[in-house]
């Protein structure tokens, strides 16, 4: 009996010991390893509030503020803490419907019942004031301050860009961003996101069961301060920008102006454009939808993304390439033979300078023919593939067919066709006679307006350019910095003497009889320019590039007016001359001419009806 009793006692003791060990291990796990209950308790007692930094400011070249920040508030909600509230009063204060309230609460609960999420975004100071006074009545809700962008001049939308809420892909790719954060979506806001955004901070606050703040957790030991973003000091002349936008207000096209000696962009207009303040705050979503559905595509950055045929402005490049290749000389002349390609009435050009001035199509037909039908030194035979390859390489050194490294996103490369393209397009074979349209800037050549302005700067500098850029430097009071690449010269490798011929021809285009841009003439400013009339879908485009003054140029301009009958000399050239005059003089003296081009819209109405065949690539 004694042994049986002893055995039972041992068994019962063992059970108690095992149970005790289980409890001890479980408690140790909860207190040392598993912190889920601690976190749940902290969520009820602690509020982690993100401290959003002030985004960096953006200035123009003269120190005028282009973008600054305004305080707004996000209303946050922790669904588990929301008790019985006066929904009608709450909705009235927020200016939302009861259906909106239910929808937003369901979304918050789906995200998490314990973790705070955004209930209402970007409430202005004016709208937040009456809510702030009564927020204590609505348990589970609290406000979190942040800043929004404001554009005092309401211009330069395609330069400055806009910010928007991060998506899931961005959050996955970059751990810095969390749900509800904002990021640069276009323009400088996107290109300089990491510089402008600053560094987020965090504040931990004790709250009671009624969601009332009771002070900092452990006297702020674990708080971190937000670090403000750095400022951008742009190259834009805001007065010239506003003037250019005023001219383009009722048109479709682009104006890009560059300071040739530095590559600094002075103004940059893609029309139609929009007020950048439309894509700020609670109205952003609705306005973005309207803009994206607009048939004229105001969100589309034509200056960087629209690939146009260059038209006759490309004849300057053709002449320079041919001179450098040695297939013509400065005094080469060709008959204006309209049986080769159509042309306007003018005398035959006896030299390169006059050919540029008169923009003779048959002349450049012959020039391009000599370029393509060049003799290959390795075989001693005429080789179109060899000639075209040399032509393409030279064109790319001029900035065509390659992405100019501007500090804005989404710039396209344009297109310079090569032998692989034509081998694919003409599998049975090709030669000069199948691609001659490239001689006058039609065919398969495609350029973006930024490349046109850069080419004008290249001619102004007699053979070199600095990559176009929008930001001169960035930083704060402690120091300013700039990217080295925006001070490095890129050379065309074509002798300066040939560029002098191009300059003289461009001067004749504006100032001499027989020139195609006499409307661009300004008596006391030596403008050098070149017109273009480019075929496309609908009416022809009006194109013009120029720089001024002829010596020590201060500005290079490209103007592209879409579907404007009359050619480059009728529309683009006089508009470019107004931009030149505004920049050099500070004001425009030709008031009647100025008002005419501000008021008149030469663009063919949308949708376009006339179509031409365009080769695909």
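Laboratory data are not the source of any read-out in this text; all were calculated from the coordinates shown. Computed from a prediction, not measured in an experiment: that's the story for all the values here. Note that we place each Cβ from the backbone using ideal geometry, even for glycine, and neighbour counts take in every protein chain shown.
Stretch residue 242-residue 434 to full length: gain in nm at 0.36 nm per residue minus the Cα-Cα span?
64.7 nm
So for region 340-406, averaging the separation of alpha carbon pairs under 8 Å that are six or more residues apart and normalising by length, what relative contact order in percent results?
20
Using 7 Å Cα-to-Cβ label points, what is the residue 9/residue 497 separation (nm, one decimal)?
My value for the distance between the label points is 12.1 nm.
What FRET efficiency comes out for residue 410 versus residue 554 if R0 is 30 angstrom and r is the Cβ-Cβ distance? Round to the nearest 0.05.
About 0.55, to the nearest 0.05.
Residue separation times 0.36 nm, minus the C-alpha to C-alpha distance between residue 473 and residue 71: what's the value?
Computed gain between residue 473 and residue 71 is 142.1 nm.
Normalised by the residues of region 424-520, what does the relative contact order come to in percent, with Cα pairs under 8 Å and at least six apart?
The value is 18 percent.
With a Förster radius of 56 Å, plug the Cβ-Cβ distance of residue 91 and residue 535 into 1/(1 + (r/R0)^6) and report the FRET value to the nearest 0.05.
It comes to 0.45.
With angles folded into 0 to 90 degrees, how steeply does helix 572-585 sit against the dominant principal axis of the chain? Use alpha carbons for both and round to 10.
Roughly 70 degrees between the two axes.
Plugging the Kirkwood radius over Cα pairs into Stokes-Einstein for the chain, at a temperature of 20 °C and a viscosity of 1.002 mPa s, what D comes out in µm²/s?
The calculation lands on 76 µm²/s.
With an 8 Å cut-off on Cα pairs and a minimum separation of 6 or more residues, tell me the relative contact order of region 247-351 in percent.
18
Note the per residue figure in Å³ for the convex hull of the C-alpha positions in region 243-312.
Here the figure is 124 Å³ per residue.
If you take the alpha carbon radius of gyration of region 41-167 and divide it by 2.2 N^0.38 Å, what ratio comes out, to two decimals?
This ratio for region 41-167 stands at 1.25.
From the Cα gyration tensor of region 118-191, with a ≥ b ≥ c the square roots of its eigenvalues, which class applies: rounded if a/c is under 1.5, or else prolate if a/b is larger than b/c, or else oblate?
oblate
Taking R0 as 45 Å, what's the FRET efficiency between residue 512 and residue 64 from their Cβ-Cβ distance, rounded to 0.05?
0.70
Arranged by the count of other C-beta atoms within 10 angstrom, fewest first, what order do 95, 591 take?
In increasing order of surrounding Cβ atoms, one gets 591, 95.
In 5 Å bins starting at 0, how do the alpha-carbon pair distances of region 316-455 split up by percent?
Spelled out per bin, shortest first, that is 2, 10, 19, 20, 20, 16, 9, 4, 1, 0.
Can you tell me the alpha carbon radius of gyration of region 463-529 divided by the globular rule-of-thumb value 2.2 N^0.38 Å?
1.67
Considering only DSSP beta bridges whose two residues both sit in the chain, what percent are antiparallel, to the nearest 5?
Rounded to the nearest five, the antiparallel share is 95 percent.
Stretched out fully, how many nm does the piece from residue 112 to residue 132 gain, at 0.36 nm a residue minus the Cα gap?
Taking 0.36 nm per residue and subtracting the Cα distance, the gain is 4.8 nm.
Please work out, to two decimal places, the log10 of the ratio I(q)/I(0) at q = 0.15, 0.18, 0.19 Å⁻¹ from a Debye calculation in which every Cα of region 225-357 carries one identical scatterer.
Each listed q corresponds, in turn, to -0.96, -1.11, -1.16.
Using the Kirkwood formula on the Cα atoms of region 471-598, what hydrodynamic radius do you get, in angstrom to one decimal?
In region 471-598 this quantity evaluates to 16.4 Å.
Summing -39500 (n - 2.57) over the DSSP H runs of n ≥ 4 in the chain and dividing by its residue number, what mean residue ellipticity at 222 nm do you reach, to the nearest 500 deg cm²/dmol?
After summing the helix terms and dividing by the residues of the chain, the value is -10500 deg cm²/dmol.
How do 452, 105 rank when sorted from fewest to most other Cβ atoms within 10 Å of their own Cβ?
Placing the least packed residue first, the sequence is 105, 452.
In nm, to one decimal, how far is the residue 178 label point from the residue 396 one, both placed 7 Å along Cα→Cβ?
Roughly 4.7 nm, to one decimal.
Given points 7 Å out from each Cα along the Cα-Cβ axis, report the residue 608 to residue 329 separation in nanometres with one decimal.
Between residue 608 and residue 329, the label points sit 4.3 nm apart.
Within 10 Å, count the other beta carbons around each residue, average over each peptide in 373-385, 499-511, 353-365, and list them highest first.
Output ranking for 373-385, 499-511, 353-365: 353-365, 499-511, 373-385.
Most exposed first by the Cβ proxy, i.e. fewest other Cβ within 10 Å, how do 546, 603 rank?
603, 546
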